[in-house]
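**Student:** Mind having a look at this structure? Questions to follow.
The values are calculated or read from the model by the stated rules, or taken from the named source; none is laboratory data. Everything numeric here is computed off the predicted structure, so don't read it as measured data. Glycine also receives a Cβ, built like all others from the backbone with ideal geometry; neighbour counts cover every protein chain displayed.
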Amino acid sequence: MKYDISALGNALVDTQYKVSHEFLSSIGMEPDSMTLASAEEQNPIIEKLIEMGSESVSDCGGSATNSLVAASNYGSKCHHVCRVAADKDGENYLDSLRSAGVDHIGVSNENTDMPTGKCLILVTPDAKRTMISMLGVSAYLGSSDIDYDVVENSKIFYIEGYMVTSDENFSAVISVLEHLKGKDVLKALSLSDAGIVHGFKDKFDLIESYGIDMIFCNDDEAIAFSGKNDLDSAIELYKNKSYMTAITVGAEGSVVVDKGQEYRSPAEKITPIDTNGAGDMFAGSFMHAHLQGHSFEECAKFGNYASSKVVETFGPRLAADGYAEVLNKLRKG
């Protein structure tokens, strides 16, 4: 079977809570940050949130997952390389992928003592999201989990940047990149988080050396990966790269840098509620539009519109009719 997009990423059950800045301070978290935690570290925070009666929403998540769900809802044929456990969260996760039309590998029969990954997403009134991730069994996803025929028969192979934080995950990424040498498959990379880029720069550099075709990032991540001190300097560096770089810049929209040129697309005028999943939505929408033959500039405009609809929503997803409305925007141009 030929796929449009196959992706390698963490399978995390996302649970979002609305919280105050005071709550973030009480648990020692900075707004708009991401940290890895164990189940033992996560559980007391969950208990405190439940006691407070904080408004919440839960669904299968992970950065690559969100991008694939968007692209699949538009009509792209997608496959997700991920790992879940044989527990309730794992069952719900795979059910959610099926309902979104995303094909996937099954439940892992290794590391059976580990739970399915879970991510707490704390959203403050200014719409910023702070994430506390427990990778669980997803941290052990390795090359044995990969169907190389599926990846080879995909138009785009998409790598979630968080894959660099686990040795097993990173080895899986490199094994696919080795397999794709000389193959006609576009390779796309999400930088995922500026702190992750700083902490694992050598691994990102190695991924880049395999001939990446597309990089998706926000402005902080773009600066971190470039090694520069500001976005304008980073953009000048990316102009000399062989790949296309798509940079989201919050309320300013996005910048696409390709073959020495830059294209700026303004953001939609909205009232933000929750920025979680906005970058994932942008990437999934951009890739789908690209596969439909649209220019990078048109892809960015579509990505901006799609991500604005997520930012107007509490949670990283839209309802089915929401995706249909967004897709109609692409068809109308």
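**Student:** If the Cβ limit is 8 Å and pairs must be 6+ apart or interchain, which residue in region 131-159 that is on the phi > 0 side of the Ramachandran plot pairs with which residue that is small (Gly, Ala, Ser)?
**Tutor:** Here the result reads 136/39; 136/85; 136/117, each pair linking region 131-159 to a residue that is small (Gly, Ala, Ser).
**Student:** Let me ask something else about it. Quickly run through region 250-261 and pick out the residues that are surrounded by fewer than 17 Cβ atoms within 10 Å (Cβ to Cβ) and outside any strand (DSSP E or B).
**Tutor:** 250, 251, 252, 259, 260
**Student:** Which numbered condition trips up residue 108, out of (1) under 23 Å from residue 157 (Cα atoms); (2) surrounded by fewer than 19 Cβ atoms within 10 Å (Cβ to Cβ); (3) modelled with pLDDT under 90?
**Tutor:** Of (1) under 23 Å from residue 157 (Cα atoms); (2) surrounded by fewer than 19 Cβ atoms within 10 Å (Cβ to Cβ); (3) modelled with pLDDT under 90, only one is false for residue 108: (2).
**Student:** Please verify whether region 95-103 includes one or more residues that are at pLDDT 90 or above and farther than 30 Å from residue 289 by Cβ.
**Tutor:** Checked against the condition, which is being at pLDDT 90 or above and farther than 30 Å from residue 289 by Cβ, region 95-103 yields no hits at all.
**Student:** Checking the condition closer than 22 Å to residue 221 by Cβ, part of a helix (DSSP H, G or I) and not basic (Lys, Arg), which residue from 324, 300 passes?
**Tutor:** 300
**Student:** How many residues, within region 131-145, are buried (at least 20 other Cβ atoms within 10 Å of the Cβ) and of a type in the set (S, T, N, Q)?
**Tutor:** 2
**Student:** Looking only at region 262-297, how many residues end up being crowded, with 19+ Cβ neighbours inside 10 Å and of a type in the set (Asp, Glu)?
**Tutor:** 2
**Student:** Also, I was wondering about something else. If I ask for residues that are touching a Gly at 6+ places or on another chain (Cβ under 8 Å) and of a type in the set (S, T, N, Q), which ones from region 102-146 would you list?
**Tutor:** 116, 133, 138
**Student:** Taking the condition of being closer than 25 Å to residue 15 by Cβ, outside any helix (DSSP H, G or I) and hydrophobic (A, V, I, L, M, F, W, C), how many residues in region 128-148 meet it? Talk me through it step by step, then tell me what you get.
**Tutor:** Pass one, region 128-148, residues closer than 25 Å to residue 15 by Cβ: 128-141, 145.
Adding the requirement that they be outside any helix (DSSP H, G or I) leaves 128-135, 141.
Checking which are hydrophobic (A, V, I, L, M, F, W, C) leaves us with 131-132, 134-135, 141.
Matching residues across region 128-148 total 5.
**Student:** Next up: For a quick check of your reading of the model, give me the residue pairs whose first member lies in region 1-17 and is closer than 15 Å to residue 189 by Cα, whose second is assigned to a strand (DSSP E or B) and among the β-branched types (Val, Ile, Thr), with beta-carbon atoms closer than 6 Å and at least 6 apart or on different chains.
**Tutor:** Listed pairs, sorted by first residue: 5/156; 8/81; 8/159.
**Student:** Report, by residue number, each residue of region 61-87 that is over 16 Å from the mean Cα position of the chain (by Cα) and of a type in the set (A, V, I, L, M).
**Tutor:** Residues satisfying the conditions are 84, 85, 86.
**Student:** Return yes or no: is residue 18 of a type in the set (Lys, Arg), buried (at least 17 other Cβ atoms within 10 Å of the Cβ) and at negative phi?
**Tutor:** yes
**Student:** Further question: Go through (1) out of contact with any strand residue (DSSP E or B) (no Cβ under 9 Å at 6 or more places or on another chain); (2) of a type in the set (Gly, Ala, Ser); (3) within 16 Å of residue 138 (Cα to Cα) for residue 53 and report which single condition fails.
**Tutor:** It is condition (3) that residue 53 fails.
**Student:** Can you work out which of the residues in region 298-323 that are in contact (Cβ under 8 Å) with a residue 24 or more places away in the chain and more than 19 Å from the chain's Cα centre (by Cα) is farthest from residue 253 (Cα to Cα)?
**Tutor:** The qualifying residue farthest from residue 253 (Cα to Cα) is 320.
**Student:** Among what's in region 190-234 and is polar (S, T, N, Q) and under 14 Å from the mean Cα position of the chain (by Cα), pick the residue that is surrounded by the fewest Cβ atoms within 10 Å (Cβ to Cβ).
**Tutor:** First pass over region 190-234, keeping only residues polar (S, T, N, Q): 190, 192, 209, 218, 226, 229, 233.
With under 14 Å from the mean Cα position of the chain (by Cα) added as a condition, the list becomes 190, 192, 218.
Values: 190: 26, 192: 28, 218: 23.
Looking at residues that are polar (S, T, N, Q) and under 14 Å from the mean Cα position of the chain (by Cα), I get 218.
Every residue, every condition in (1) free of Cβ contacts under 8 Å to residues at least 60 places away in the same chain; (2) surrounded by 19 or more Cβ atoms within 10 Å (Cβ to Cβ); (3) within 26 Å of residue 302 (Cα to Cα), yes or no:
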{"residue": "77", "(1), (2), (3)": "no, no, yes"}
{"residue": "86", "(1), (2), (3)": "yes, no, no"}
{"residue": "103", "(1), (2), (3)": "no, no, yes"}
{"residue": "128", "(1), (2), (3)": "no, no, yes"}
{"residue": "163", "(1), (2), (3)": "no, yes, no"}
{"residue": "172", "(1), (2), (3)": "no, yes, no"}
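**Student:** Then there's this: Could you list, ordered by first residue, the pairs with Cβ atoms under 7 Å in which the first is in region 262-290 and over 15 Å from residue 247 (Cα atoms) and the second is aromatic (Phe, Trp, Tyr) and modelled with pLDDT under 95, at least 6 apart or interchain?
**Tutor:** Listed pairs, sorted by first residue: 273/314; 274/314.
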